[in-house]
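Enquirer: Below are the structure tokens for one structure; questions will follow.
The values are calculated or read from the model by the stated rules, or taken from the named source; none is laboratory data. The structure presented is a predicted model; accordingly, all values stated were derived computationally and were not measured. All Cβ positions, even for glycine, are placed from backbone atoms using ideal geometry, and neighbour counts span all protein chains on display.
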Amino acid sequence: MIIDWYTIIFQIINFMILVFLLRRFLYGPVIRAMDEREQKIVQREEVAQDKKEEAEQEQQHYRLKTEELEEKEEEIIENARAEAVKEKRGLLDQARQEVDETRRRWQESFEREKETFTAELRRRIGHQACTVARRCLQDLADARLEELIWAMFLKKLNRLPDQDRSELKKALEAGEDEITLHSAFETGPGRVEEFKEILRDLVPAAGDNLNLDAVTDPGLICGLELDAGGYRVAWNIDSYLQDLEEQVLKEVEQNFPAVSGEAGGKEVPGDDQAGS
Amino acid sequence: MTINPDEIVLFEWGWFKINSTIAFTWLVIFLLTFGSWLVTRRLSSEGELSRWQNLLEVLITGIKTQIREVSRQEPGPYLPFVGTLFIFIALSNILAIVPGYVPPTSSLSTTAALAICVFIAVPVFGIASQGVLNYLKQYLQPTFFMLPFNLIGELSRTLALAVRLYGNMMSGTIIVAILLTITPLLFPVVMQALGLLTGLIQAYIFAILAMVYIASASRAHEEIAKKGEE
């Protein structure tokens, strides 16, 4: 008999047992392990996804921050530039003002120097002229320069116009005590007497008690001056010096015409000459 | 020469006897269980997989895929039954290359037992998935007159399952035995190699057919459920 029912039943039972055993030892554990792994992979993927999103957010955050910083940087640079321009302008203005101030001061000082120089020049020229004239007169004649001046003065006094003469008279009569003779040089007693004589001739009423005071005054340049109670007769080189001074001033103007226009370009020309 | 391994009795005690079919079945059961236990006692769910675990996972994933493709249902409930059919038959057939081993599947008793298991499993799964009435209604489809034909079909396909596997395996064994007497060198080796292929194909066919029968019994319910949803 090919079919053995005993074996069939036995085999059915065997197969049932095998199904149970494989279910217990094979399918269960393996499927569980596979499911677990799958779940873990899914979890890991979720975590990775989360981390990726987080990283992207972080990246976005940092990008924004960087942009912000760049903007700020530009702003700061812009501000700095503007400030620098402002500062530059301010400094330029200040420098210009300072230059102007310096120029103005220099010009003022130059003007002062010029004036000082002119005055000094005038004084020196006067002196020099006097000295030169005196020497010339000394060399030309035996008589001293003072004699000539004296003679000239007396001549002038004698040739006084009538109106002046009457005024002098009046002055002498009014204030006898206050007749003063100023002279640039020493007047000897002889000359004073001579002068008194002339005054007596002019004003006979004055008489002997004519009080003449002779004063030496170096401020008068090579001249004489009679001061009698408000009336004054004088001769000196002042008029000649006035002419000379005008001439010299004209020379100075011609020599330094552009000084006021060129600030700081030249040394102040009066410095050396003023002291010489 | 013995064609039927049932007749080789190894142990007998009163009515209780152990023939070589039962003995080799036990051997296969032991190998499968012990092997599974060896591999699955140290399973890892992450990191490196052992080769054996990998093999088992590939095997089970393959079976699940096949079940899903054939039944178009989730393979979960069917896996232990159909998977065991395949693994048992496959191992029984493959071991045929071991000298002295007689595959239990070359005994009609074994194949009949497996076919009877399928014969019982079909209504069990059918009723479990769609209820007794719905399952029984299937025998009246498409008309009442088809009931006898349905019943005959049910029985005949079970018989066909049993005889197909038995015939293939038994013929393989016998052909090798005959060839050994005619051309003892080389040719039997080729036939045995062919036998391995035939054995695997038969295991596959048996398991797939079982799945088709079970699926056809439980599919009606799925279709009704789908219609209801629509």
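Enquirer: Can you find even one residue in region B:59-71 that is surrounded by fewer than 13 Cβ atoms within 10 Å (Cβ to Cβ) and within 11 Å of chain A (Cβ to nearest Cβ)?
Expert: Initially, region B:59-71 is screened for residues surrounded by fewer than 13 Cβ atoms within 10 Å (Cβ to Cβ), giving B:62, B:65, B:69.
Checking the rest, the ones that are also within 11 Å of chain A (Cβ to nearest Cβ) come to none.
The answer is no, given that none of the residues of region B:59-71 is surrounded by fewer than 13 Cβ atoms within 10 Å (Cβ to Cβ) and within 11 Å of chain A (Cβ to nearest Cβ).
Enquirer: Among B:Ile116, B:Ile94, which is the only one that is surrounded by fewer than 22 Cβ atoms within 10 Å (Cβ to Cβ), within 24 Å of B:Asn19 (Cα to Cα) and within 14 Å of another protein chain (Cβ to nearest Cβ)?
Expert: Every option except B:Ile116 fails the conditions.
Enquirer: If I ask for residues that are surrounded by 22 or more Cβ atoms within 10 Å (Cβ to Cβ), part of a helix (DSSP H, G or I) and touching a residue at least 40 places away in the same chain (Cβ under 8 Å), which ones from region B:97-113 would you list?
Expert: B:Pro104, B:Thr105, B:Ser106, B:Leu108, B:Ser109, B:Thr110, B:Thr111, B:Ala112
Enquirer: I'd like to check something: does region B:76-91 contain any residue that is more than 10 Å from every other protein chain (Cβ to nearest Cβ) and part of a loop (DSSP other than H, G, I, E, B)?
Expert: yes
Enquirer: When only residues in region A:4-16 that are part of a helix (DSSP H, G or I) and either facing another protein chain (nearest Cβ under 7 Å) or in contact with a Pro (Cβ under 6 Å, 6 or more places away or on another chain) (or both) count, which is modelled with the lowest pLDDT? Don't jump to the end; show me each part of the working.
Expert: Going residue by residue through region A:4-16, those that are part of a helix (DSSP H, G or I) are A:5-16.
Okay, now just the ones that are also either facing another protein chain (nearest Cβ under 7 Å) or in contact with a Pro (Cβ under 6 Å, 6 or more places away or on another chain) (or both), so A:7-8, A:10-12, A:14-15.
Numbers: A:Thr7: 84, A:Ile8: 87, A:Phe10: 87, A:Gln11: 89, A:Ile12: 91, A:Asn14: 90, A:Phe15: 91.
Within region A:4-16, the match that is modelled with the lowest pLDDT is A:Thr7.
Enquirer: What pairs come up if the first residue lies in region B:8-30 and is more than 9 Å from chain A (Cβ to nearest Cβ), the second is in a helix (DSSP H, G or I) and among the aliphatic types (A, V, I, L, M), and their beta carbons are under 7 Å apart, counting only those six or more places apart or on different chains?
Expert: B:Leu10/B:Ala23
Enquirer: Go through the residues of region A:32-44 one by one and say whether even a single one is farther than 30 Å from B:Ser107 by Cα, away from chain B (no Cβ under 14 Å) and part of a helix (DSSP H, G or I).
Expert: No, region A:32-44 has no match at all.
Enquirer: Now, a different point. Within region B:119-145, take every residue that is within 11 Å of chain A (Cβ to nearest Cβ) and without any contact (Cβ under 8 Å) to a residue 60 or more places away in the chain and give me the one that is surrounded by the most Cβ atoms within 10 Å (Cβ to Cβ).
Expert: The extreme case among them is B:Phe119.
Enquirer: Here's another thing I want to ask about it. Does B:Glu46 satisfy the criteria of being within 11 Å of chain A (Cβ to nearest Cβ) and assigned to a loop (DSSP other than H, G, I, E, B)?
Expert: It is true that B:Glu46 is within 11 Å of chain A (Cβ to nearest Cβ) and assigned to a loop (DSSP other than H, G, I, E, B).
Enquirer: The conditions are (1) away from chain A (no Cβ under 11 Å); (2) surrounded by fewer than 16 Cβ atoms within 10 Å (Cβ to Cβ), and B:Leu55 fails exactly one of them. Which is it?
Expert: (1)
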